[in-house]
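Some notes on the structure that comes next.
The values are calculated or read from the model by the stated rules, or taken from the named source; none is laboratory data. Keep in mind the model is a prediction, meaning the values are calculated, not measured. Neighbour counts run over all protein chains shown; Cβ positions are idealised from the backbone, glycine included. These accessible areas exclude ligands, DNA and RNA; they are computed on the full protein's heavy atoms, side chains included. Shrake-Rupley method; radii C 1.70, N 1.55, O 1.52, S 1.80 Å.
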Amino acid sequence: MKWRSQVPWSIATRFNHGGNLFDKGGDALVVLHTLAAMLPARLLANEPVERQLATAILNCGCLKVVLHIEQPQRHRPVVDPADIKQKLRRLLKAVDPHLKIVSMNNMQGLAWTVT
């Protein structure tokens with residue numbers, strides 16, 4: 001989870017080096033499992049920092065989801081980002097109906113780099 005303007009961002013990064021590394025349902029499960037872990041963390045965390053982070057996330061009004069993918073230059077696109085976005089949007093509509101699929105060539109106004 002990253003923070004930007006008091007909104008938690010769930011950011012996953014995937015690199016494809018030829019095989020079919022992208023599991024659209026698996027990425028949705030990572031987001032859902034992370035969110036599911038926030039309530040027990042808020043209630044049962046041993047570390048105060050973990051408890052504070054979980055409380056802050058659960059008290060936010062919204063959550064942003066971003067999948068950052070990179071694919072090999074030679075065989076683009078191995079996976080069509082539009083297909084990934086459609087599947088994730090269907091699975092995560094209740095979490096973030098406007099999720100983003102980005103790459104270093106198409107950052108959609110987001111200001112981070114992957115090296």
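Below, the figures for the structure above:
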read-out: Alpha-carbon centroids, the stretch 58-87 and the stretch 95-115: separation in whole Å; value: 8 Å
read-out: Cα-based convex hull volume of the stretch 29-115 per residue, rounded to whole Å³; value: 129 Å³
read-out: Contour excess over end-to-end distance, with Cα ends at Lys85 and Val30 and 0.36 nm allotted per residue; value: 18.3 nm
read-out: Accessible area, probe 1.4 Å, largest first, for residues Asp80, Asp27; value: Asp80, Asp27
read-out: Gln73 paired with Thr113, simple spin-label distance in nm, labels 7 Å along Cα-to-beta-carbon; value: 1.7 nm
